[in-house]
Amino acid sequence: MQLSILIPVYNVAAYLPSLLQKLLIDLPEDIEFIFYDDASTDDSLLQIQQFKKDYSYIPVRIIHGLANIGLTFARNKLLKAANSDYIWFIDADDIVESDYFKNILFILKDNKPDVLLFNYDVFYDKSLKIKSKEILSYCPKNTLVHCSSKQIYQTAIFDGKHYFWNKIFRRELIKDAVEYKIPAFEDIAYTPILLNHCKSFYYLNKTIIHYRIRSNSIAQKMDIRQAYGIYAYISQASYASSVVNDEKSQAYLLYKACIYYFRISSKIEKADIPANTKEKISKLSQRFFYLKKISTWKIVRLLFCYGMPEKAVKLICKKIFFDVNKYFSI
């Protein structure tokens, strides 16, 4: 197979029909689908089993987990199950423009990039209203580009669009690149590392993924997993410094960790959750935040040093606001 489409599934029965029907449009050869059902308690497994039965001419594999292991570990299971030239992680609740599949396969066969990237838009689940249309900063567009892995990595960091699902990777390059252990915000923690293993890219300037915002998703719901966003940014900052030797990306990632920490601290106080849950999230957030081992004011200096004065000013304002609120809440 040229391309394995890897789809983790957990309690998404309401969204699977939209994804599966869209995938069937003008489906080319050389594509296989591998589903990992993460012990769903709804009809998700039945739906993908029926999909495999009804469309037996499509290469479909289903891995059924007996216990819920979470999205990150499910992605790792899928990656280990794939043996094609390229892999593409797709979220089961998103919508994919499969009209571009033939074009994608042609690019992969003809250009053989280490990674193929493309645009996406973001829409609200209930209203279907488009929130934003996201364009990448990679250039030039629609052509194969050979460059340093550091350049690919740095573009992803400053783009802020380092998601799994808008990238197709050469499998051999990334199959052992990360351990897939973080329970949330794995895109921030791992995708830049995967990109740092690439030395060529093809930026297809088309919107192929429609990303759905759900009110009960990890990013939207306040629970203990929110704290791992802080850890993801700080661990990536450490990687930027120690592996990529990119101090500018490190400064930016530490800035993002601070901003995220201040934001989540504010949200914890306002969240309609039990007091003991607030305390657990707060303590874990603080523990992760202290892993940066560098003061916020030093990060401000680094931002000025590396030509990001607007980020430095924003961080100063956020830090002062955070400290004032903390003082008056004591």
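Would you mind stating whether residue 182 is modelled with pLDDT of 90 or more, touching a strand residue (DSSP E or B) at 6+ places or on another chain (Cβ under 7 Å) and of a type in the set (Val, Ile, Thr)? Explain how you work it out, then say what you get.
Working: modelled with pLDDT of 90 or more: yes; touching a strand residue (DSSP E or B) at 6+ places or on another chain (Cβ under 7 Å): no; of a type in the set (Val, Ile, Thr): yes.
Answer is no for this residue.
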_Taking the criterion of being closer than 24 Å to residue 84 by Cβ, modelled with pLDDT of 95 or more, surrounded by fewer than 13 Cβ atoms within 10 Å (Cβ to Cβ) and of a type in the set (S, T, N, Q), would at least one residue in the stretch 134-142 satisfy it?_
yes
*Can you pull out the residues in the stretch 11-47 that are under 15 Å from residue 77 (Cβ atoms) and in contact with a helix residue (DSSP H, G or I) (Cβ under 7 Å, 6 or more places away or on another chain)?*
34, 35, 36, 37, 38
*Those residues of the stretch 271-330 which are surrounded by 12 or more Cβ atoms within 10 Å (Cβ to Cβ), among the β-branched types (Val, Ile, Thr) and modelled with pLDDT of 90 or more, in sequence order*: 277, 281, 294, 296, 299, 300, 313, 316
*Name every residue in the stretch 209-221 that is under 12 Å from the mean Cα position of the chain (by Cα) and either in a strand (DSSP E or B) or at pLDDT 95 or above (or both), in order of residue number.*
211
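Listed residues 283, 298; which is under 19 Å from residue 317 (Cβ atoms) and not in a loop (DSSP other than H, G, I, E, B)? Show your work before the answer.
Values: 283 fails: under 19 Å from residue 317 (Cβ atoms).
298 is the lone residue from the list that is under 19 Å from residue 317 (Cβ atoms) and not in a loop (DSSP other than H, G, I, E, B).
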*Looking at (1) surrounded by 19 or more Cβ atoms within 10 Å (Cβ to Cβ); (2) of a type outside the set (D, E, K, R); (3) closer than 28 Å to residue 259 by Cβ, which is the one condition that is false for residue 213?*
(1)
*asked:* Residue pairs, Cβ under 8 Å, 6 or more apart or interchain, first in the stretch 174-201 and over 22 Å from residue 245 (Cβ atoms) and open to solvent by 10 Å² or more (accessible area, probe 1.4 Å), second small (Gly, Ala, Ser) and outside any helix (DSSP H, G or I). List them.
replied: 183/70
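Of all residues being of a type in the set (Gly, Ala, Ser) and part of a helix (DSSP H, G or I) in the stretch 12-67, which is most open to solvent (accessible area, probe 1.4 Å)? Just the residue, please. It would help to see each step written out before you state the result.
So in the stretch 12-67, the residues of a type in the set (Gly, Ala, Ser) come out as 13-14, 18, 39-40, 44, 56, 65, 67.
From what is left, the residues that are part of a helix (DSSP H, G or I) are 18, 44.
Details: 18: 54, 44: 0 Å².
Looking at the filtered set, the residue picked out is 18.
To keep it simple, each residue is scored yes or no on (1) part of a helix (DSSP H, G or I); (2) more than 21 Å from residue 319 (Cβ to Cβ); (3) not hydrophobic (A, V, I, L, M, F, W, C).
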residue: 187; (1), (2), (3): yes, yes, yes
residue: 202; (1), (2), (3): no, yes, yes
residue: 207; (1), (2), (3): no, yes, yes
residue: 259; (1), (2), (3): yes, no, no
*Residues in the stretch 143-170 that are in contact (Cβ under 8 Å) with a residue 60 or more places away in the chain and crowded, with 18+ Cβ neighbours inside 10 Å: how many?*
9
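Scanning for something polar (S, T, N, Q), surrounded by fewer than 17 Cβ atoms within 10 Å (Cβ to Cβ) and more than 20 Å from the chain's Cα centre (by Cα), does the stretch 252-265 turn up at least one residue? Steps first, please.
Within the stretch 252-265, the first condition is being polar (S, T, N, Q), and the residues that meet it are 265.
Adding the requirement that they be surrounded by fewer than 17 Cβ atoms within 10 Å (Cβ to Cβ) leaves none.
No, every residue in the stretch 252-265 fails to be polar (S, T, N, Q), surrounded by fewer than 17 Cβ atoms within 10 Å (Cβ to Cβ) and more than 20 Å from the chain's Cα centre (by Cα).
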*Checking residue 121 against (1) more than 20 Å from residue 189 (Cα to Cα); (2) surrounded by 20 or more Cβ atoms within 10 Å (Cβ to Cβ), which single condition isn't satisfied?*
(2)
*For the stretch 2-51, enumerate the residues that are more than 23 Å from the chain's Cα centre (by Cα), at pLDDT 90 or above and hydrophobic (A, V, I, L, M, F, W, C).*
45, 46, 48, 51
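State all residues of the stretch 68-88 that are assigned to a loop (DSSP other than H, G, I, E, B) and free of Cβ contacts under 8 Å to residues at least 60 places away in the same chain; if no residue qualifies, say none. If you could, list the steps in order and put the result at the bottom.
First, pick out the residues of the stretch 68-88 that are assigned to a loop (DSSP other than H, G, I, E, B): 68-70, 82-85.
Listed by number, the residues that qualify are 68, 69.
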*asked:* So residue 112 passes all but one of these: (1) open to solvent by 10 Å² or more (accessible area, probe 1.4 Å); (2) of a type in the set (D, E, K, R); (3) closer than 30 Å to residue 47 by Cβ. Which condition number does it fail?
replied: (3)
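The values are calculated or read from the model by the stated rules, or taken from the named source; none is laboratory data. Just so we're clear, the structure is a prediction, and the values are computed from it rather than from any experiment. Note that each Cβ is placed from the backbone with ideal geometry, even for glycine, and that neighbours are counted across all protein chains shown. To get the accessible areas, we keep the full protein, side chains included, count just its heavy atoms, and leave off ligands, DNA and RNA. Shrake-Rupley method; radii C 1.70, N 1.55, O 1.52, S 1.80 Å.
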